[in-house]
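Okay, structure first, notes after.
The values are calculated or read from the model by the stated rules, or taken from the named source; none is laboratory data. This structure is a prediction, so every number in the text was calculated from the model and none was measured. Cβ sites come from the backbone with ideal geometry, for glycine too, and all protein chains shown count toward neighbours. Surface areas here come from the heavy atoms of the whole protein model, side chains and all, with no ligands, DNA or RNA. Shrake-Rupley method; radii C 1.70, N 1.55, O 1.52, S 1.80 Å.
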Amino acid sequence: MTTEPDAAAPSGLLERLIDFSIRQRGLVILGALGIAALGVLSFGRLPIDAVPDITNVQVQINTSISALSPVEVERQITFPLETAMSGLPGVEQVRSLSRYGLSQITVIFKDGTDIYLARQLVNERLQEAKENLPPGLGQPVMGPIATGLGEIFLWSVEADSNATRPDGQPWNESDLRTLQDWVVKPQIRTVPGVTEVNSIGGYERQLHINPDPDRLIAHGLSFRDVFDAVSANNANAGAGYIEHREESYLIRTTGRVETLDDLRNIVIGTTDGIPVRIRDVAEVVEGRELRTGAATHMGKEAVVGTAIMLVGENGRTVARRVADKLEVVNKSLPPGVRAVTLYDRTDLVDATLETVKKNLLEGALLVIAILFFMLGNLRAALIVALTIPLSMLFSITGMVQNKISGNLMSLGAIDFGIIVDGAVVMTENIVRRLAERQTHLNRPLTKPERLAEAFASSREVARPTLFGVGIIMIVYLPILTLTGIEGKMFRPMAEVVLLALGGALLFTFTFVPAALAMALGGRVSEGENVVLRASRAAYRRTLGWSLAHRAPVLLGALLLLIGSAILATRLGSEFVPQLQEGSLAVQAIRIPSTSLSTSVAMQDQLERFLLEKFPDEIESIFARVGTAEIATDPMGPNIADTYVMLMPMKSWTKASSQSELAERIEEALTELPGQNYEVTQPIELRFNELISGVRSDLAVKVYGDELDVMEREANRIAAELNKIPGATGVKVEQVSGLPVLTIEVDRAAIARYGLNVVDVQAVIETALGGTSVGQVYEGDRRFDIVVRLPEARRRDLTPSGTCRYRFRPVRPLMR
């Protein structure tokens, strides 16, 4: 007589779910397949990057001013703008930077603020604040809609050594910069996901009118006459339309300057009835801008472009689009000129994904092998193993819906052993009960018996399984409360783990019972190999001994806990796992007074030195010196970010790891005097900046009113830090001020000439810095026309603070 298994009606929600899954097993299997299909589709939309982006919600306001010193920039531009931004809804912090040529305001909003709302709020205040700014000193503009890790692709515009322009002349730095700004940049900006393209290096082409003060005085002319003449002879105009023979004719007059000869022949006045042209009093030549940044590549000056990714885009996808677009761009460049890729974030992302994929695959295979080994039933082990890809695809769908990127932190935290924990318990109990029942009846179970036994077995371990996995999930809940940088770094990890565990729990109570009830037909065996039998026997003996000697066991466990706690205090820690990015970042810091040209020369020397010292390790090297066109990373001309792109490690001869190579490079660079160096990696460098505001792992900031006292205390602190084991590269930032040549106006002297202070300042500004008086067009390209003294006359301003033409030319030059 056969005895039916316990088939009591399900009472709780969990039991009803299991009962439904077993009875509607076909529907449940189809649902699992649907979730898997959705996960596969979502994988194509999953944002992929190497590490999570920890940049806070911020809006930058940049104002380019070439006419003011840093002190005046702070007083007239930075302070009014910074004050205007205070009190905006959701603002946590407003910080600023003032230096020659640039005022930068950074407005930081609370986490969760929509970036477009933040920019709208800033723009509204910005329009109001512009009314309080001095006229003619530059227009404040907001920075690109990007994050601190938005620079995903860099390239250089280069010409072959034997390439020439259509006029037969070799390509120079101004030509390459023109191609970058007017050919390459507009095309790259059309790539979906690119919010801005930044340029640095070379020279922006300008047309310079270099007046001779003596000739101007001789003709009774002034700088103002030159300004007015160029403005009056460099414009197109419209005159409406006329009707003629039932047709309308639009009227336009052309008057724009198109060539250098057009500029030279502009009449600016008359002397004794004879017209005086610009060519009579000035030299008209193609000139160069007063730049604040430069770029180098392989020991030579270069023109470098940077693609900046839009917030929230997929870095890997956007970088690939830029790489594809660059191939199209190269077809539009003149013969012998090409855009060469310098840095592609795709390489790092692919390497990171390969590492994550390798670790996940090895972990999954190891777990599956252990499942086959431990469960002793091939079909049951296969069903448990299927919960791994199902849970992963479930979590990927959740990541896409919650805008969580796939990176080393989020995907690398997944533990397959934890994921299959509940499924193993459920499967093992079902297989064991079915095997025991089959042995008891000495025959295969019928379908109703198998289903009833599967339900009873699942119900038996349902609550322990739920509580076991639930406790693991609870461990991650405190991480969800993190905010700020910590939240951006670790919350995605906790969210992905919770998604994976939630999916595993769902499949444990639905897919696993349904699949087992469907697959375990016929004879069900629960094999136990020699290792398991030996392990069980050893465990029984150990358990028996432990119960018989409870006091020593408890004391030993306590001592082990105390010893582990002591060892934990000596355990090192990192905020972010250090990636092997396949490249190094060498930041060269020179004395603050270093000019841009000198800094470029020193950078060229540095690059040639590294290429000579490490020919088997370094594939290419390039650098950005000073501040680029868009000041996303404002630096002085004395600072250079050097990117060292490495060859595959198998070809290295002077180091066996990237960290060892970094140490060797830093040691070798001590042979180059006059510079300090910080050797990190590109993303690591940006992380240090975003986290601490400095480009190092640890920074100590000293505040006070006396610069000499702060410098003395900083050196004392650095000496103490150098004594700490493991501390390397401890240095104090150079705080010596920039040399400033101040021209003090003698009010009594200018009063005798009937001049105002602004008249003198205007002459100095035009003569030395230059004044833009218009623009000239070549097709779609636009270039500035600048009036300034020739290079030889600008050198008349000596470091002693005197000017050769101090007052004699002032009055006639500014009548």
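SER736 - would you say it is surrounded by 13 or more Cβ atoms within 10 Å (Cβ to Cβ), of a type in the set (Gly, Ala, Ser) and at pLDDT below 75? It is false that SER736 is surrounded by 13 or more Cβ atoms within 10 Å (Cβ to Cβ), of a type in the set (Gly, Ala, Ser) and at pLDDT below 75. Scanning segment 446-469 for residues that are in contact (Cβ under 8 Å) with a residue 12 or more places away in the chain and within 45 Å of the chain's Cα centre (by Cα) yields THR465, LEU466, GLY468, VAL469.
For beta carbons closer than 8 Å, sequence separation of 6+ or different chains, a first residue in segment 111-127 that is touching a residue at least 60 places away in the same chain (Cβ under 8 Å) and a second that is part of a helix (DSSP H, G or I), the qualifying pairs are ASP111/GLY484; ASP111/GLY487; ASP111/LYS488; VAL122/MET85; LEU126/LEU81; LEU126/ALA84. Within segment 402-419, the set of residues being under 23 Å from the mean Cα position of the chain (by Cα) and of a type outside the set (Val, Ile, Thr) comprises ASN402, LYS403, SER405, GLY406, ASN407, LEU408, MET409, SER410, LEU411, GLY412, ALA413. For segment 350-373, the tally of residues that are touching a helix residue (DSSP H, G or I) at 6+ places or on another chain (Cβ under 7 Å) and over 19 Å from ALA413 (Cα atoms) stands at 2.
Confirm whether PRO192 is open to solvent by 10 Å² or more (accessible area, probe 1.4 Å) and within 23 Å of ARG119 (Cβ to Cβ). Judged against the criteria, PRO192 is a match. Residues of segment 742-788 that are among the β-branched types (Val, Ile, Thr), touching a Gly at 6+ places or on another chain (Cβ under 9 Å) and part of a strand (DSSP E or B): ILE785, VAL786, VAL787.
Which condition number in (1) under 30 Å from LEU353 (Cβ atoms); (2) open to solvent by 50 Å² or more (accessible area, probe 1.4 Å); (3) touching a Gly at 6+ places or on another chain (Cβ under 6 Å) is the one that LEU33 fails? Here LEU33 clears every test but (3). Looking at segment 349-358, can you tell me whether even one residue there is open to solvent by 40 Å² or more (accessible area, probe 1.4 Å) and among the polar types (S, T, N, Q)? Yes, the conditions are met somewhere in segment 349-358. Annotation: of all residues in segment 209-223 being under 46 Å from the mean Cα position of the chain (by Cα) and not hydrophobic (A, V, I, L, M, F, W, C), the one that is surrounded by the fewest Cβ atoms within 10 Å (Cβ to Cβ) is ASN210. The set of residues from segment 80-97 being buried (at least 18 other Cβ atoms within 10 Å of the Cβ) and more than 21 Å from GLU128 (Cβ to Cβ) is empty. Taking segment 244-289 as the search range and keeping residues that are open to solvent by 100 Å² or more (accessible area, probe 1.4 Å) and of a type in the set (A, V, I, L, M, F, W, C), which one is nearest to ASN198 (Cα to Cα)? Filtering first and then ranking leaves LEU250. Residues in segment 386-403: is at least one touching a strand residue (DSSP E or B) at 6+ places or on another chain (Cβ under 7 Å), open to solvent by less than 10 Å² (accessible area, probe 1.4 Å) and not aromatic (Phe, Trp, Tyr)? Yes.
Taking the conditions (1) modelled with pLDDT of 90 or more; (2) surrounded by fewer than 21 Cβ atoms within 10 Å (Cβ to Cβ) in turn, ALA295 satisfies each one other than (2). Of the residues making up segment 445-489, those that are open to solvent by 50 Å² or more (accessible area, probe 1.4 Å) and under 22 Å from ALA50 (Cα atoms) number 5. Residues in segment 36-74 that are buried (at least 16 other Cβ atoms within 10 Å of the Cβ), β-branched (Val, Ile, Thr) and in a helix (DSSP H, G or I): VAL73 alone. Quick check on GLY779: is it open to solvent by less than 40 Å² (accessible area, probe 1.4 Å), modelled with pLDDT under 75 and not aliphatic (A, V, I, L, M)? When the stated conditions are applied, GLY779 does not pass them. For segment 318-336, the tally of residues that are open to solvent by 10 Å² or more (accessible area, probe 1.4 Å) and either hydrophobic (A, V, I, L, M, F, W, C) or without any contact (Cβ under 8 Å) to a residue 12 or more places away in the chain (or both) stands at 7.
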